[in-house]
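Engineer: Got a structure here, written out as structure tokens. Questions coming.
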Amino acid sequence: MDDKDGEDEDFDDIRLRNADLRGARLMDADLSGRSFFLSDMSDATVVRADLSDADLRRADLTEANLVAADQGFITDLTDADLTDATLSDATLRFADATDAAFRRSDLSGANLHGTELKNADLRGADMSGANLYGSDLSGADLTEADLTGVVLVATLEGADLTGADFTDAELKQANLGNADDLSGAEIPSEYDPR
């Protein structure tokens, strides 16, 4: 795969653990169940790819384009680096992204239903319009994150919400009282913490 062009590729017999996939083009690829453990996928284009049940633990996905990628159902992103990545409209339902870095990433419109984001670094992330129903953001750093228009039915115990923007967010079932820091956060006036 010298040209790193993965369109319509069959990845059944390819080992991808600890692989150098920098700048790879893996559009519309079926990568479900594959292991990318410790792989360098920085600046890769993985648009509309199926990454369900994939192992992306400790993978470097900085500046990767994962628009509309399907990473749902038990994809493991534990300790992965997705700094400055584009994941708009991606599906990460029930994924484990514990300790993952999403600094300044675009997660707008992403489906994060039931996703484990414990201790995740989401500083400056654009999560506007994302589905966070049932997500666990315990200990996550959401400093300066854009959460406009999200429906937040999530665990936020110990989360840092400094300067986070919750404008037009649905917070009826959110418990922000257990968050570590709400200073400077934009919280709708109708939010009642009871």
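Engineer: Hey, could you check the stretch 54-70 for residues that are touching a Phe, Trp or Tyr at 6+ places or on another chain (Cβ under 6 Å) and surrounded by fewer than 24 Cβ atoms within 10 Å (Cβ to Cβ) and say which is nearest to residue 136 (Cα to Cα)?
Structural biologist: Only one residue tops the list, namely 57.
Engineer: Follow-up question, since we're still on this one. In the stretch 116-136, how many are modelled with pLDDT under 95 and assigned to a loop (DSSP other than H, G, I, E, B)?
Structural biologist: 4
Engineer: Name, by its number, the condition in (1) modelled with pLDDT of 95 or more; (2) within 13 Å of the chain's Cα centre (by Cα) that does not hold for residue 94.
Structural biologist: Checking residue 94 against (1) modelled with pLDDT of 95 or more; (2) within 13 Å of the chain's Cα centre (by Cα), the one that fails is (1).
Engineer: Every residue in the stretch 71-90 that is modelled with pLDDT under 90 and either surrounded by 21 or more Cβ atoms within 10 Å (Cβ to Cβ) or over 16 Å from residue 116 (Cα atoms) (or both), please.
Structural biologist: 71, 72, 75, 90
Engineer: Going by the conditions given, is residue 98 within 27 Å of residue 172 (Cβ to Cβ), out of contact with any helix residue (DSSP H, G or I) (no Cβ under 9 Å at 6 or more places or on another chain) and either free of Cβ contacts under 8 Å to residues at least 12 places away in the same chain or in a loop (DSSP other than H, G, I, E, B) (or both)?
Structural biologist: Judged against the criteria, residue 98 is a match.
Engineer: Still on this structure, please answer the following. Write out, first by first residue and then by second, each pair whose Cβ atoms fall under 6 Å of each other, whose residues are 6+ apart or on separate chains, and whose first residue, in the stretch 26-49, is over 18 Å from residue 92 (Cα atoms) and surrounded by fewer than 24 Cβ atoms within 10 Å (Cβ to Cβ) while the second is among the hydroxyl-bearing types (Ser, Thr, Tyr) and modelled with pLDDT of 90 or more.
Structural biologist: Sorted first by the residue in the stretch 26-49, then by its partner, the pairs are 42/62.
Engineer: Within the stretch 144-177, count every residue that is assigned to a loop (DSSP other than H, G, I, E, B) and crowded, with 21+ Cβ neighbours inside 10 Å.
Structural biologist: Total satisfying the criteria: 12.
The values are calculated or read from the model by the stated rules, or taken from the named source; none is laboratory data. What you see is a predicted model, and the numbers here were worked out from it, not measured in a lab. Neighbour counts are summed over all protein chains in view; Cβ atoms, including those assigned to glycine, are modelled from backbone coordinates with ideal geometry.
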